[in-house]
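Heads up, the thing below is written out as structure tokens.
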Amino acid sequence: MVKQGPKAPTYYHEWTQIPPRMPTRGPNAPSSHHGRHPQPPHRTTKHLRAPLPAPPQPPTSLPTAPGRPRPPSPCPPRLAEGRAGAGRTAHIRRGQPRAKGWKGPGFSSPRWARGLGGVKGREESSSMELGWLLWGAAVLLLLPVLMELSPAVNFALRIGFYYLLFFVCSALTAPVCLLVNGGRTVKNMRIIKTVVKTFKYFFGLRFEVKGLENFEVEGPAIIVSNHQSILDMMGLMEVLPDNCVQVGKKELMYAGTVGLIIYLGGVIFINRKSTSSAKMVMAEVAKTMATDNVKVWVYPEGTRNCTGDLLPFKKGAFHVAVQAQVPVIPVVYSSFTTFYNPKKNLFTSGKIKVEVLPPIETKGLTSDDVSELTDRCYRIMRETLFRLSGRPGEVKDSS
Ligand SMILES: CCCCCCCCCCCCCCCC(=O)SCCNC(=O)CCNC(=O)[C@H](O)C(C)(C)COP(=O)(O)OP(=O)(O)OC[C@H]1O[C@@H](n2cnc3c(N)ncnc32)[C@H](O)[C@@H]1OP(=O)(O)O
Ligand SMILES: CCCCCCCC/C=C\CCCCCCCC(=O)OC[C@@H](O)COP(=O)(O)O
């Protein structure tokens, strides 16, 4: 603790350990310290008792309340120096060469601190900006080369950009959703869809869609589709009908701005680790989807699977369809494996074929029929997946 009282320092410079600005050359240059600035006091109480020889002008930008001197900076002395521009820029004012520890433009003191260095400080500031520009240009020129040479760099940058797009666009879209629709509602999905539909252009992806008319069923429905990757969000938005919400894992709710936007869009969150709680949520969905007239989009594989095949289906979606007595509409996306494979760091442009299949009726079915319904849907979707992916013969070989 610093003792306060009559011996407390009077000047701002003492509290912050910033050396006062003094001429470095000429007749007014201080003779002590071999022509350098007086060194900032170290963090002992000794310096508090010994007043500085001449009171320099206190800076106007960071005033200290009169009668309430600031406590000494908690930063170690070197950091405190740097904050006042006396660290890495001091050699310029002293007319000395750069210190050995100089690390290039990324390690400069902040702009306001550099300004304290006067004309020379400003000169250095503009040379720093030039340095930044050169670095930026070099990186920009190098990126395409690196992306061309290294599949890992290409993949990381493209997928990183994909995530960035989602996070940034979610942050920008959330206030729009709130302003237009006032809160969590399926109507927000229209806004989200409009935004996400533009993403494909950044990645050179094309969608060839067939069977959209199959969505035109009276009232609610369960839509089931294959889930290969997070890139599916583009495919989802490409065909998403009005008044349709998705079932998602609850972890997505905590994915920052993305969590916020999908919450606002009305996504139904389930805990995959707890079958009983997921079943309760799904039962609630079955009750309300008819009254709210919404369609519900479920990924029955329950997780992403980018092998070019389907995982066995979970039964939740089919239970809901039977409980609500609504049709199941299968949607199939062709395999991404020719242009996207995280294990091989593959992510190029590509074409995705999408087919919306005719609805499968569930009227009159009971819970006893759920397994059969699930199997039927699985077979139809798998056959379609192989056909769309240009491997029609494989369905018999691997089933
Ligand atoms: C502007 C920028 C915007 C940016 C933003 C854009 C994005 C905006 C869109 C976001 C979109 C998110 C999209 C996320 C995508 C995922 O998060 S995918 C992962 C989450 N989804 C799922 O998991 C759905 C599929 N899973 C299921 O349906 C599962 O059945 C459940 C309900 C989770 C239960 O799982 P399980 O216990 O592991 O599996 P399962 O074998 O099916 O069930 C066990 C038993 O319970 C029975 N059972 C299951 N469900 C039920 C039920 N409902 N009733 C009665 N019995 C049942 C089964 O029949 C089975 O019993 P048996 O027949 O064997 O005797
Ligand atoms: C603490 C935060 C944890 C949440 C991590 C989520 C990070 C992703 C966040 C934003 C990326 C943009 C894409 C948004 C929508 C992605 C939907 C999606 O595809 O989720 C995957 C899920 O269907 C299955 O998950 P798993 O394959 O079982 O894994």
So how long is each side of segment 209-251 along the principal axes, counting just the alpha-carbon atoms, biggest first, in Å?
33, 23, 15
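Can you tell me the FRET efficiency between R272 and T337 if r is taken as the Cβ-Cβ distance and R0 is 25 Å, rounded to the nearest 0.05?
About 0.50, to the nearest 0.05.
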Averaging over every viewing direction, what projected area does the convex hull of the Cα atoms of segment 126-245 cover, in nm²?
11.1 nm²
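At a temperature of 4 °C and a viscosity of 1.567 mPa s, determine how fast segment 202-291 diffuses translationally according to Stokes-Einstein, using the Kirkwood radius over alpha-carbon pairs as Rh; express D in µm²/s, rounded to the nearest whole number.
86 µm²/s
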More than 17 angstrom separation, counting every C-alpha pair in segment 139-191; what % is that?
54 percent
Could you give each residue of segment 354-360 its phi-based ³J(HN,Hα) in whole Hz, using Karplus coefficients 6.51, -1.76, 1.60 with θ = phi - 60°, and x for Gly or Pro?
10, 10, 8, 8, x, x, 9
Hits among aspartates and glutamates - C-alpha to C-alpha of K187 under 19 Å, sequence gap 8 or more where chains match
E216, E218, E238, D242, D292
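Which value, to two decimals, describes the C-alpha radius of gyration of segment 179-244 once divided by 2.2 N^0.38 Å?
In units of the globular-protein estimate, segment 179-244 measures up at 1.22.
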How big is segment 306-399 by Rg and Dmax over its Cα atoms, in Å?
15.2, 48
Computed lengthening from A255 to A137, 0.36 nm per intervening residue step minus Cα-Cα distance:
39.2 nm
Set the bar at 26 Å for Cα to Cα. Now go through K249/K343; K287/K353; K250/K353 and name every pair that lies beyond it.
K287/K353; K250/K353
Could you give the Stokes-Einstein D for segment 260-300 in µm² per second, using the C-alpha Kirkwood radius, 37 °C, 0.692 mPa s?
293 µm²/s
In terms of the ratio Rg/(2.2 N^0.38 Å) built on C-alpha atoms, what value belongs to segment 305-360?
1.48
Order of exposure, largest accessible area first, which applies to H227, H319 with probe 1.4 Å
H319, H227
Listed by chain and number, the residues whose amide H is under 5 Å from that of G350, excluding neighbours fewer than 5 places away on the same chain and using placed H, are L205, R206
Net length gained if the chain between V145 and R184 were fully extended (0.36 nm per residue, minus Cα distance)
9.6 nm
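The values are calculated or read from the model by the stated rules, or taken from the named source; none is laboratory data. Remember, it's a predicted structure, so these values are computed and weren't measured experimentally. Reconstructed Cβ throughout: ideal geometry from the backbone, glycine too, with neighbour counts over all protein chains shown. Surface accessibility is based on the protein's heavy atoms, side chains included, excluding ligands, DNA and RNA. Shrake-Rupley method; radii C 1.70, N 1.55, O 1.52, S 1.80 Å.
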